Amino acid sequence: MSWLETAAIIFGLLGFAAMGAVLALRLYHNPFLLSGLLPVLWTHVKPMLIKYVLPLFRRMPPEEEAEWRRAVLQGREREWLDRRKRKGRE
C-alpha cells in the first residue's frame, strides 16, 4: 500500500469521526432530534438487517447439515463450502 492510499484512508476515517462528533453535539443540544432521527434510521436499516444479517443465523436444512457433517469428518469442508457458494449463485 502506498503512502497516498494510507493518507486517503486516514483522512476518510477522520472525516467519519468528525461527522460523528458533529452529530453527537447536535443530539446533545437538541435531544428531540434523536426522537425524529431514530425512526428514520430504523426504516432504512431494518430491510438491510433482514436481507443480510438474518440469513447468517438461519439453520441449514437437516439433509444439508448431515451432508456438511460428513464432509467435515472426511476433511473436505472447504470443498463443500465452495460448492455450496457456487450453487447459491446459480
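This table checks each residue for (1) in contact with a strand residue (DSSP E or B) (Cβ under 7 Å, 6 or more places away or on another chain); (2) under 30 Å from Lys85 (Cβ atoms); (3) among the aromatic types (Phe, Trp, Tyr); (4) exposed (fewer than 10 other Cβ atoms within 10 Å of the Cβ).
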residue: Ile9; (1), (2), (3), (4): no, yes, no, no
residue: Trp42; (1), (2), (3), (4): no, no, yes, no
residue: Lys46; (1), (2), (3), (4): no, yes, no, no
residue: Leu49; (1), (2), (3), (4): no, yes, no, no
residue: Pro55; (1), (2), (3), (4): no, yes, no, yes
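Mind checking whether some residue in the stretch 14-32 is of a type in the set (D, E, K, R) and more than 30 Å from Gly88 (Cα to Cα)? For the stretch 14-32, residues of a type in the set (D, E, K, R) and more than 30 Å from Gly88 (Cα to Cα): present. Candidates are the residues of the stretch 58-82 that are assigned to a helix (DSSP H, G or I) and either modelled with pLDDT under 90 or of a type in the set (A, V, I, L, M) (or both); the one that is nearest to the chain's Cα centre (by Cα) is Leu81. Here Gly75 passes the criteria (1) surrounded by fewer than 10 Cβ atoms within 10 Å (Cβ to Cβ); (2) on the phi < 0 side of the Ramachandran plot except the one numbered (2). Here the helices (runs of 4 or more DSSP H) wholly within the stretch 1-57 that include at least 2 residues being at pLDDT 90 or above are 3-29, 32-48.
The values are calculated or read from the model by the stated rules, or taken from the named source; none is laboratory data. None of the values given here were measured: they were computed from a predicted structure. No Cβ is skipped: glycine too gets one built from the backbone with ideal geometry, and neighbour counts run over all protein chains shown.
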